[in-house]
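Report on one structure; see the data block that follows.
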Amino acid sequence: MNIFWHGQTCFTLNFQQGKQVVSALFNPIDANSGLKPVRKEPDILLLSKSNGKKDKSFLIDGPGEYEIKDVIINGFYSFKDGKIDQNTVYLLEEEGLKICHLGLLKQKELGKEQLDKLSDVDILLLPIGGKESIEAKEAAEIVSEIEPQVTIPMYYQIPKLKEKLNKLEDFLKVLGVKSLEPLKKFSVKKKDLLNQDPKIVVLEP
């Protein structure tokens, strides 16, 4: 599997299925964000918040259980101040990997039912920038609750982004990490994560 980050909460995941590649796109970049939108049409489009629009891709924009092109997807709402927040957390399973995209999570800690669903997560896509999501310290606590093998930060300040968010360094400092070399993409197989210590992976948009 290959993971690409485009900024904010937008990711492309490419799953290898024999000679075919199935692509899943999370939360396309808004043209007014200052960032470059993703032009390529994905096989599966996932929105953490529904925008009411339809798309040529197979669109998932809310909670439920789905199976599209052999990719198993489970979506469920997160909470804010004890009430349901219209933010869908997605768990994808393919290539023997479990990938969780938290969307713009505002919960400071997860509940038991949520943690049960997210047990054995291999890769966590985690917002850290504050404003519409949790901040660095809260994000670090979420990592300790879920205990993924790989954590990929998202939704933080990057060049050209008009929205003002907290910096990546704020999150790394909480974790006691000085700096990490950004990758253009993260390529991984299940066997790569066996007997490996948990790590943070930083992607460049």
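Each value in this text was obtained by applying a stated rule to the coordinates, not by laboratory testing. The structure presented is a predicted model; accordingly, all values stated were derived computationally and were not measured. Positions of Cβ are generated from backbone atoms using ideal geometry, with glycine treated the same way; all protein chains shown enter the neighbour counts.
Values for this structure:
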read-out	value
Residues of type lysines that residue 36 reaches as a straight line, Cα spacing below 16 Å, ignoring anything fewer than 8 places off in the same chain	160, 162, 184
Whole-Å semi-axes of the ellipsoid equivalent to the stretch 1-122 (Cα gyration tensor, √5λ, descending)	22, 19, 13
Relative contact order (%) - criterion: Cα under 8 Å, at least six apart; region: the chain	17
Ascending count of other beta-carbon atoms within 10 Å, so fewest first, for 15, 26	15, 26
Radius, Kirkwood style, for the stretch 145-187 when every pair of distinct Cα atoms is counted (Å)	12.2
C-alpha center-to-center spacing [the stretch 32-95, the stretch 135-191] in angstrom	20
Ranked packing of 28-38, 132-142, most packed first, by mean Cβ within 10 Å	132-142, 28-38
Charge dipole magnitude, Cβ of K and R +1, D and E -1 - the stretch 62-200, Cα centre, debye nearest 20	680
Cα-Cα pairs of the stretch 1-41 separated by more than 16 Å (percent)	37
Gain upon complete extension [residue 20, residue 179; 0.36 nm per residue less C-alpha separation]	53.6 nm
For the stretch 87-205, the spread of Cα positions along each principal axis, largest first, Å	37, 31, 24
Cα-based convex hull volume of the chain per residue, rounded to whole Å³	121
Listed residues 178, 131, 190, most fluctuating in the chain (Gaussian network, C-alpha, under 10 Å)	178
Exceeding the 26 Å Cα-Cα cut-off - candidates 108/191; 80/189; 112/199; 108/173; 137/178	108/191; 80/189
